[in-house]
Amino acid sequence: MSDRQPSYVDDDLLDFGKYKNCRLMDVPASYLHWIYTNNIQPRNIKLHNYIENNLHHLKEEYEDGIWRK
């Protein structure tokens, strides 16, 4: 399965919220989980695809999260 595009990459910066200006690879999986499951930034397809493309790793880092959708 290929990655969804367009997508951010690990070194891109989050542009809103508690972790604004942090590299995506440094944003806690629990915060990305909150964005993903609460439909935060629904029009930000690049962020949504970044999370989708990294679900396997995010699930390992934040095992308690229910990664629905």
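Some observations on this one:
- Each residue in the range 28-38 was checked for being in contact (Cβ under 8 Å) with a residue 24 or more places away in the chain and open to solvent by 90 Å² or more (accessible area, probe 1.4 Å), and 0 of them qualify.
- Count of the range 39-69 residues which are open to solvent by less than 80 Å² (accessible area, probe 1.4 Å) and at pLDDT below 90: 5
- Residue that is modelled with the lowest pLDDT, among those in the range 1-27 that are surrounded by 11 or more Cβ atoms within 10 Å (Cβ to Cβ) and hydrophobic (A, V, I, L, M, F, W, C): Phe16
- Scan of the range 1-59 for residues that are of a type in the set (Phe, Trp, Tyr), under 11 Å from the mean Cα position of the chain (by Cα) and not in a helix (DSSP H, G or I), ordered by number: Tyr8
The values are calculated or read from the model by the stated rules, or taken from the named source; none is laboratory data. Worth saying up front: this structure is predicted, and the values here are computed from it rather than measured. Glycine also receives a Cβ, built like all others from the backbone with ideal geometry; neighbour counts cover every protein chain displayed. The protein model used for the area step is the full one, side chains on, heavy atoms only, and it has no ligands, DNA or RNA in it. Shrake-Rupley method; radii C 1.70, N 1.55, O 1.52, S 1.80 Å.
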